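Please read the structure below before turning to the comments.
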Amino acid sequence: MAGAGKCLALLAAALMLAGAVLGSEDRPRLVGAPVDIPNTDNDEGLQRALQFAMAEYNKASNDMYSSRVVRVINAKKQIVSGIKYLIKVEIGRTTCSKPATDLQSCTFHDEPQMAKHTICNFVVYTVPWLNQIKLLKSECQ
């Protein structure tokens, strides 16, 4: 009987904890879980990671024109032993041939046969205090 009572008490405590966690709209996030970056234009670390990802993308691409970001669709930041950025962007082909030095001044192609827009997912890992950056994933559709 005493064992059943302990079991019921433990089950009740577990259910109360689960209800508190699931029922709270403003519940704290898990430590180390990815969090949304709400203002992508003003996040300096994200902008550096995105610039690095695009430089690596353009190096690997066999297109004669450079591409640049049209818009950030979604961006998350995850604190690990550094910072991992999970970025979903729309990129477009510019009128600047490779290697372009200042991509932001490059305009996008107007002609439909030259315009090319692609959705890409990048994962960039940075360790700012060691001045390290690495592109872990680059998938484009």
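Nothing in this text is a laboratory measurement; each read-out follows from the coordinates by a stated rule. This one's a predicted model, so the numbers in the text were calculated from it and none came from an experiment. Cβ coordinates were reconstructed from backbone atoms using ideal geometry, including for glycine residues, and neighbour counts include every protein chain displayed.
For the reader, a short list of remarks on this structure follows.
- Gain in span if fully extended, LYS76 to GLN47, counting 0.36 nm per residue against the direct Cα distance: 9.2 nm
- The distance between label points at ASN121 and THR95 comes to 3.5 nm (points 7 Å beyond Cα on the Cα→Cβ vector).
- Projected label distance in nm at LYS137 and ASP110, using a 7 Å step from Cα toward the beta-carbon: 3.9
- Trypsin sites (Lys or Arg not before Pro) restricted to segment 59-125 and DSSP loop, no more than 10 other C-beta within 10 Å: none
- Here the contact order of segment 31-141, divided by its residue count and restricted to Cα pairs under 8 Å and six or more residues apart, works out to 25 percent.
- Here r is the Cβ-Cβ distance between MET64 and ASN39 and R0 is 25 Å; the resulting FRET efficiency, rounded to 0.05, is 0.15.
- Whole-Hz couplings from phi, Karplus 6.51/-1.76/1.60, listed for segment 104-120; x for Gly and Pro: 5, 8, 7, 8, 7, 5, 8, 5, x, 6, 9, 5, 9, 10, 9, 9, 10
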